[in-house]
Amino acid sequence: MIFVTVGTTHFDPLIEVVDTLVADGQLAGPIIFQIGSGRYEPKNGSFFRFKPSIDEELDAADLVITHGGITVLSLLAQRKRFVAVANTALADDHQTHYLAFLEKQSTIVWTNDLGAIGECVAGVLDSEPARLEAPSLVSDLLEYFGVVTNES
């Protein structure tokens, strides 16, 4: 199963691109979209806006496509396969800076180019899950942000 999550805001361009990749047969399998406050409702999978927890979807997913938020740290801690996509429309393009920082500390696959998502997914599916070069950084950051993972 592929799970796409955008967090608490909106990231319609990401949802639209992934929906198109599914429609074109470039992504296969059941897909669940968490669309937050977005307006675009995907046609090629099930979707929901918000839940108290997305742990069930994260646990069940073979692949996660996520915005560049705190979920990235949880996915690193869980050793899940994922592609992070920076939402460049948000204030100060902070997701790009955050993901670029994490890239220096880990083997994450991320992009701020929506047109590169298909290529990124193919690369992630053919490799080991991302790992952090300084593992305590993830647990320290998760603790700082008050996030509890399944490993905690």
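For LEU76, the stated conditions hold: it is under 12 Å from the mean Cα position of the chain (by Cα), at pLDDT below 90 and within 19 Å of ILE2 (Cβ to Cβ).
I want to confirm something. Restricting to region 89-113 and keeping residues that are among the β-branched types (Val, Ile, Thr) and closer than 17 Å to PRO13 by Cα, which single residue is modelled with the highest pLDDT?
In the first step, residues of region 89-113 are kept if they are among the β-branched types (Val, Ile, Thr); the result is 96, 107-109, 111.
With closer than 17 Å to PRO13 by Cα added as a condition, the list becomes 96, 111.
Working: THR96: 87, THR111: 94.
In this case the residue turns out to be THR111.
Restricting attention to region 36-87 and to residues that are among the basic types (Lys, Arg) and out of contact with any Pro (no Cβ under 7 Å at 6 or more places or on another chain), the residue that is farthest from ASP24 (Cα to Cα) turns out to be LYS51. Taking the condition surrounded by 15 or more Cβ atoms within 10 Å (Cβ to Cβ) and at pLDDT below 95, does ALA86 pass? Yes, satisfied.
Please list, ordered by residue number, the strands (runs of 3 or more DSSP E) wholly in region 1-98 having 2 or more residues that are in contact with a Lys or Arg (Cβ under 8 Å, 6 or more places away or on another chain).
Numbers: elements: 2-5, 31-34, 46-48, 63-67, 82-85.
Passing ranges, in order: 63-67.
Restricting attention to region 56-67, and to residues there that are closer than 14 Å to VAL6 by Cα and touching a helix residue (DSSP H, G or I) at 6+ places or on another chain (Cβ under 9 Å), which single residue is surrounded by the fewest Cβ atoms within 10 Å (Cβ to Cβ)? If we take residues in region 56-67 being closer than 14 Å to VAL6 by Cα and touching a helix residue (DSSP H, G or I) at 6+ places or on another chain (Cβ under 9 Å), then LEU58 is surrounded by the fewest Cβ atoms within 10 Å (Cβ to Cβ). Restricting attention to region 72-89, the residues that are touching a strand residue (DSSP E or B) at 6+ places or on another chain (Cβ under 8 Å) and within 22 Å of ASP126 (Cβ to Cβ) add up to 9.
The values are calculated or read from the model by the stated rules, or taken from the named source; none is laboratory data. Everything numeric in this text was worked out from a predicted model, so none of it was measured. With ideal geometry, Cβ positions are generated from the backbone for all residues, glycine too; neighbour counts draw on all protein chains shown.
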